[in-house]
Every structure is written in C-alpha cells, then in structure tokens.
Amino acid sequence: MRVFVDCDPGIDDAVALAYLAARPEVEIVGIGAVFGNNSVDITADNALRLLELYGRPDVPVAVGAARPLVQAPRLAAHVHGGNGLGDVELPAPAGKPIAESAAELLVRLVREAPGEIDVLAVGPLTNIAIALGLEPRLPELVRRLVVMGGAVRAPGNVTSHAEANINNDPEAAEAVFAAGFDLDLVALDITMKTVATPEWLSDLRSVPGERAERTSAFLDFYADFYTGIFGVRQCAMHDPLAAAVLVDGHLVTDSFEAPLRVELSGGLTRGMTVADLRPRPGADDRRPARVVTGVAEAEFLTRMMDSLR
Ligand code: BDR
Ligand code: CA
C-alpha cells in the first residue's frame, strides 16, 4: 500500500513513522511537514532524521504550512521537547527537504496515481486544507484519509473540548471534514485509552538496537509529561494508533459513523470536533466519517514494539 504522511514530529509522530517504516508492504510515498508540535522547519528536519533512523532515507520530505490558516500558531515544546523529539539529538540528516511544498507534493502524487494513495494526517490539517484549495478533487483522488485528531465524546487535551491537532487549525480541519473524504477519525476517545503502559515502556528499554534505544529516549520525555496526566508512568500513543488503523484495519473492533464539524466560533468551545450523533442527522449532507471507538489494544502494543526491533 502507498501512504503519504502529513505530520509534525513530534514524539508520537516519530513512533507512527517507525510503525509504517517497519512494514515492507508499506511504501511511504512522501512526507509533508506542518507546524504543530514545533515550527515547520524543525518538524521537517525531524522527519528527515527519523526517516534515516527508521531505515527509509529516500522518502521525499516537503515543508508545509508554518502557521494556521487564520489564527496565530501555538507550539508544544512542553510535551515534545525544545527540538520536538524530547531533546534527544539525532544525527543531522544527509538529505534535505524537496523544493515543492507539502500541499504541492500531495497533489502531484495523487494526480499521478488517482485512487491509489492513502493519507495519514497526524498533525494540524493545514497542509491538507491547502492541498484542497489547489485540487478540489482531492477527496476523489485520495483513496482513504486517516486523521488523528479531535475529541468527540472525550474531553479535549488543550481546552476542555478541543484536541491539539484540530485546535491548532480549526478552519483547516473544518474544510477537511466538509470535503467528502473517505475518512477515519482516530480521536482522543480511543487514543487516551490505548496507551504505552509502564510495562511496555520498560520492555522497550531492553530491545537492542538504535531504533529502540532512541525511541525509548524520546518516550522518556513524553512519559514525563503524561505522568502528570495519568498519574502513572504511561503515555498516549495517538499517532501510531492512527497509523495502525490505516495499515492494520483488523485492529479496529468498534466504530460509529457520523458527519463531523469543527466549532469555529464558540468562546469556550472553539476547536471542538462535533459529531452529529442523531440517527438521522438534520439537513446534513456531509459524508459521514468513521470514528474509531475500539481497538485490539494488546495486538497494537505488540505490533508497535515489533516495529522498533
Ligand atoms: C496530537 O497532538 C500532537 O501533539 C500529537 O503529536 C498528536 O498528533 C494529540 O492531540
Ligand atoms: Ca502529531
């Protein structure tokens, strides 16, 4: 399968890349970097470093949006470290980003192979929204879009109702939800329940090799942050779970379908992902998305560990 990844690495983005890179049947056709966990220059540079670490140095990396469509950017060094990777220094990459922007690269790739490429979006949706502006037929040209983002019935993680990727660019997310993609949403509803447990984190420490060693070091920083949330030393694995939903669909045990919208104006709720849960959504002609609500957690954790061996 052919996958374009749009991301803001980011510690859990890194693990998502490891998850995909370890699978010989997955061709990563390109990476779009976006601001989010850090500035876009840093997330693009991290993507290059991570592709070398995880054994896919030839994947093209394109720099994308440096800021949201409307609001001012907010970054997340407190969660992902000053360098976006838990302050762990990876070797400088041999390659550099290509000249096309992330949106241009995505549009070119899907025009060259209509209906063949899946998109995994695990950062703010700005690049995808810009790509929609360049190519309104994007939802037909992309085979499937899996988004990590939103909090549908669960609480948010940056405000009471908003999750970081959606909140970082609500206007972009709303444009993407409106566009008619074949879309799976992997929201906090499932990612906060599918965590790297203390045992998993400790097992990873005994896996030999540079991939596991470096990833374990990123995750140490991430687990420090998440310990403050969970009260035990474990961490949410948002982005790798979205990667798993894309490439290991059998792991999904439960989901529901609903049209999605993003609240753009509420004083308390801006950035909230709103699913219309009525059995027959009002005058809503928006294509419903699948919202993942159950996964085979043990198998996911095993596969994630295997990808780091
Ligand atoms: C999402 O926000 C980012 O900080 C993570 O990388 C993940 O994509 C979780 O809300
Ligand atoms: Ca991310």
remark   = In region 164-205 the accessible area split gives carbon plus sulfur, as whole percent at 1.4 Å, a share of 49
message = Counting heavy atoms of the protein chains only and a 1.4 Å probe, report the per residue accessible area for region 185-253 as a whole number of Å².
response = 37
key: Packing rank of 106-117, 186-197, where each peptide gets the mean count of other beta carbons within 10 Å, highest leading   = 186-197, 106-117
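Run the helix sum for the chain: -39,500 (n - 2.57) per DSSP H stretch of 4+ residues, divided by residue count, reported at 222 nm to the nearest 500 deg cm²/dmol. Walk me through the intermediate numbers first.
Working: 13 runs with 120 residues, N = 309.
Rounded to the nearest 500, it is -11000 deg cm²/dmol.
Under Stokes-Einstein, with the Kirkwood radius over Cα pairs standing in for Rh, what whole-number D in µm²/s applies to the chain at 25 °C and 0.890 mPa s? Mind showing how you got there, number by number?
Numbers: Rh = 18.9 Å.
Reported coefficient: 130 µm²/s.
Multiply the residue separation of residue 302 and residue 71 by 0.36 nm, subtract the distance between their alpha-carbon atoms, and state the gained length in nm to one decimal. Walk me through the numbers on the way to the answer.
Details: separation 231, 0.36 × 231 = 83.16 nm, distance 3.93 nm.
79.2 nm is the gain from fully extending residue 302 to residue 71.
Regarding region 23-105, what whole-number volume in Å³ per residue does the convex hull of its Cα atoms give?
On the way: hull volume 8.5 nm³, N = 83.
For region 23-105, the hull spanned by Cα atoms encloses 102 Å³ per residue.
Using per-residue counts of other Cβ atoms within 10 Å, averaged over each peptide, order 155-161, 141-147, 167-173 from highest down. Intermediate results must be reported in sequence, preceding the final value.
Values: 155-161: 16.7, 141-147: 22.7, 167-173: 26.1.
Result, highest mean Cβ count within 10 Å first: 167-173, 141-147, 155-161.
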task = For 28, 98, write out the residues from largest to smallest accessible area, computed with a 1.4 angstrom probe and no ligands counted.
result = 98, 28
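Once you keep just the Cα pairs under 8 angstrom separated by 6 or more residues, what percentage relative contact order results for region 112-160? Walk me through the numbers on the way to the answer.
On the way: 41 pairs, mean separation 24.6, N = 49.
Normalised by residue count, the contact order of region 112-160 is 50 percent.
When ligands, DNA and RNA are left out and all protein chains stay put, how many square angstrom of accessible area per residue does region 1-84 have with a 1.4 Å probe? Could you put the intermediate results ahead of the total?
Details: 2550 Å² over 84 residues.
Result: 30 Å² per residue.
Per 0.36 nm of contour for each residue apart, how much would the distance between residue 264 and residue 52 grow if the chain were fully extended, relative to their Cα-Cα spacing? Mind dumping the intermediate values first?
Numbers: separation 212, 0.36 × 212 = 76.32 nm, distance 3.86 nm.
Roughly 72.5 nm would be gained on extension.
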Solvent exposure ordering (accessible area, 1.4 Å, most first) of 13, 306 = 306, 13
Theoretical gain in end-to-end length, residue 224 to residue 1 [0.36 nm per residue, Cα-Cα removed] = 76.8 nm
Cut-off under 5 Å, modelled amide H: who pairs with residue 289 long-range = 258, 260
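The values are calculated or read from the model by the stated rules, or taken from the named source; none is laboratory data. Because the structure is a prediction, the values reported are computed rather than measured. Cβ: placed from backbone, ideal geometry, glycine included. Neighbour counts: every protein chain shown. Quick note on the areas: whole protein, heavy atoms, side chains included, nothing else; ligands and nucleic acids left out. Shrake-Rupley method; radii C 1.70, N 1.55, O 1.52, S 1.80 Å.
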